[in-house]
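The values are calculated or read from the model by the stated rules, or taken from the named source; none is laboratory data. Please read these numbers as outputs of a predicted model, since none were measured by experiment. All Cβ positions, glycine included, derive from the backbone under ideal geometry; neighbour counts span all protein chains shown. Remember, those area values only see protein heavy atoms, side chains included, never the ligands or the DNA or RNA. Shrake-Rupley method; radii C 1.70, N 1.55, O 1.52, S 1.80 Å.
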Amino acid sequence: MRIVDRRLNPGGKSFSNRQRFLRRVRDTVERAVREASRERAIEDLENEQEVTVPADGAREPVFRHTAGERRDFVLPGNRDYVEGDLIDRPTGENGGGGTEPGKGGGQEDAFRFVLTREEFLSIFLDDLELPDFAKRGLVDTQKLGVRRAGYTISGTPANLSLGRTMRMSLARRIAMGRPKHQVVERLEQESAVSSDQDVAELLAEELRSARARRLRIPFLDPVDLRYRRFERFPKPVAQAVMFCLMDVSGSMTEHMKDLAKRFFMLLHVFLTRRYQRVEIVFIRHTDEAQEVDEETFFRSTETGGTTVSSALVEMDRIITARYDPASWNIYGAQASDGDNMMSDNERTRALLQDKILPRCQYFAYLEVANSNEASPISYFGGSSLWNAYAPLSASARNFQMRRVSRRDHIYPVFRELFQRRESSHTETAT
């Protein structure tokens, strides 16, 4: 017999049960999320996700009788079997279970459940990490926090400070000379045993005075009450800016732009998991560069040649004007088909090496190609821009570049760029 309580648990208990279940089947759920992400659109990463795991991985604890013990069953609806009969396991289309019935049976039962947005993203991005957290500054006062600010004489009962109240009471009683309980008991005992009439009268008068003072000076007075005081204060938050650079010349096809958009969206989702505030700057370029909005960035088309250095010059100008590297964590992502004027390659490499990379936490170059071209995860280039950037990839720690040609390889390439690596030295967050 299996007893499963599927009632809704009050008081948030179901949340802890859900977390316990996810920890128990974490390996299986991670594999299911990886499989689901292959077919899932980047736009759907912010939504809930239904995943399927084998039923064996979701088995619940059961109580069983001791091995070898004889026990009887009462099963309803039985008209064909008596005690001692052996029951054959159903095979073929009439049994065997599984997500898809087949002639051979033996299919594995599946358990389906829905992951929330936070659970899906937590597993989806769990083993990824930003390459450099050393400059993750806490700046920009956009949130208000609450902190302790001493004590006050008025407040709600929930904020009453018992320790501070009793100290104030003790100080008041000492200052006003309130007799202690032990003093009153001593006077009562001495007055009762005294044989001298004059001494007895003095003790009685002193006892009356002590009792009167205890009544006039209470043990706890309203003036002793102290309440914890709280105040709101500007709370710094971590902030980052993400620069999206893309070539929009005639050589960039819609397929290439779609690959770039998917990579940019994945990077944005990743950064929002690491920073409380993320701003996006879109810079498109042909032979000239300009900052545009998202709709123009992905939809508008341009004609003309390709001068990549113009985009880096515009990025450097915007950083200088609006994003102080001391206060902002700057990330750059550039997408291009690799075409660039040969005369511009040297200037492009110099701008990236001397102006951009020293200010950036991380810069990723994604070279996009048509689906019928080379392997999506290739490290050899051949394009003009790839050859110009190749020396920086070997020498700059915060620069990486990859090449993709198919949608289903965007996520594997992204994981390569941001996989967790063992640091060779200790970095301290500021």
Condition set out of contact with any strand residue (DSSP E or B) (no Cβ under 8 Å at 6 or more places or on another chain) and not in a loop (DSSP other than H, G, I, E, B), scope the range 323-345, selection farthest from residue 414 (Cα to Cα): answer is 343
Going through (1) farther than 30 Å from residue 146 by Cβ; (2) surrounded by 12 or more Cβ atoms within 10 Å (Cβ to Cβ); (3) not charged (D, E, K, R) one by one, residue 225 fails only at (1)
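From 394, 369, grab the single residue that is at pLDDT 80 or above, open to solvent by 30 Å² or more (accessible area, probe 1.4 Å) and on the phi < 0 side of the Ramachandran plot.
Working: 369 fails: open to solvent by 30 Å² or more (accessible area, probe 1.4 Å).
Within the list 394, 369, the selection yields 394.
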Matching residues in the range 167-188 (touching a residue at least 12 places away in the same chain (Cβ under 8 Å), open to solvent by less than 80 Å² (accessible area, probe 1.4 Å) and assigned to a helix (DSSP H, G or I)) number 8
In a helix (DSSP H, G or I), of a type in the set (Ser, Thr, Tyr) and over 30 Å from residue 268 (Cα atoms), is that true of residue 191? yes
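Which of the residues belonging to the range 288-306 are open to solvent by less than 80 Å² (accessible area, probe 1.4 Å) and either at pLDDT 80 or above or under 22 Å from residue 384 (Cβ atoms) (or both)? Before the answer, list the steps.
In the first step, residues of the range 288-306 are kept if they are open to solvent by less than 80 Å² (accessible area, probe 1.4 Å); the result is 289, 291-292, 296-298, 300, 302, 304-306.
289, 291, 292, 296, 297, 302, 304, 305, 306 - these are the residues of the range 288-306 that are open to solvent by less than 80 Å² (accessible area, probe 1.4 Å) and either at pLDDT 80 or above or under 22 Å from residue 384 (Cβ atoms) (or both).
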Conditions (1) free of Cβ contacts under 8 Å to residues at least 24 places away in the same chain; (2) assigned to a strand (DSSP E or B); (3) β-branched (Val, Ile, Thr) -> residue 320 fails only (2)
Filtering the range 257-316 down to residues that are touching a His at 6+ places or on another chain (Cβ under 7 Å) and acidic (Asp, Glu) yields none
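On the given criteria, is residue 259 assigned to a helix (DSSP H, G or I) and hydrophobic (A, V, I, L, M, F, W, C)?
Working: assigned to a helix (DSSP H, G or I): yes; hydrophobic (A, V, I, L, M, F, W, C): yes.
Yes: the conditions hold for residue 259.
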In the range 346-373, anything in contact with a Ser or Thr (Cβ under 6 Å, 6 or more places away or on another chain), assigned to a helix (DSSP H, G or I) and touching a residue at least 40 places away in the same chain (Cβ under 8 Å) is listed as 348, 351
Residue 410 being more than 20 Å from residue 311 (Cα to Cα) and either crowded, with 21+ Cβ neighbours inside 10 Å or at pLDDT 85 or above (or both) = yes
Q. Taking the stated definitions as given, is residue 264 outside any helix (DSSP H, G or I) and among the aromatic types (Phe, Trp, Tyr)?
A. no
Going through the range 273-286 in order, the residues found to be in contact (Cβ under 8 Å) with a residue 40 or more places away in the chain, outside any strand (DSSP E or B) and of a type outside the set (Phe, Trp, Tyr) are 273, 274, 276
Original post:
Restricting attention to the range 247-261, does a residue exist that is farther than 22 Å from residue 341 by Cα and among the hydrophobic types (A, V, I, L, M, F, W, C)?
Top reply: yes
> Any chance the range 205-215 includes a residue that's in contact with a helix residue (DSSP H, G or I) (Cβ under 9 Å, 6 or more places away or on another chain), farther than 29 Å from residue 319 by Cα and hydroxyl-bearing (Ser, Thr, Tyr)?
Replying inline: no
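State which residue is nearest to residue 213 (Cα to Cα) when the search covers only the range 166-194 and only residues that are of a type in the set (Asp, Glu) and touching a helix residue (DSSP H, G or I) at 6+ places or on another chain (Cβ under 9 Å). Walk me through it before giving the result.
If we filter the range 166-194 for residues that are of a type in the set (Asp, Glu), which is where we start, we get 185, 188, 190.
From the residues that got through so far, the ones that are touching a helix residue (DSSP H, G or I) at 6+ places or on another chain (Cβ under 9 Å) too are 188, 190.
Details: 188: 15, 190: 19 Å.
The qualifying residue nearest to residue 213 (Cα to Cα) is 188.
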Going by the structure shown, is residue 210 surrounded by 11 or more Cβ atoms within 10 Å (Cβ to Cβ) and in contact (Cβ under 8 Å) with a residue 24 or more places away in the chain? yes
With respect to residue 234, determine if the residue is open to solvent by 50 Å² or more (accessible area, probe 1.4 Å), under 30 Å from residue 321 (Cβ atoms) and out of contact with any Gly (no Cβ under 7 Å at 6 or more places or on another chain).
yes
The correct count of residues that are open to solvent by 10 Å² or more (accessible area, probe 1.4 Å), among the aliphatic types (A, V, I, L, M) and in contact with a helix residue (DSSP H, G or I) (Cβ under 9 Å, 6 or more places away or on another chain) in the range 307-342 is 3
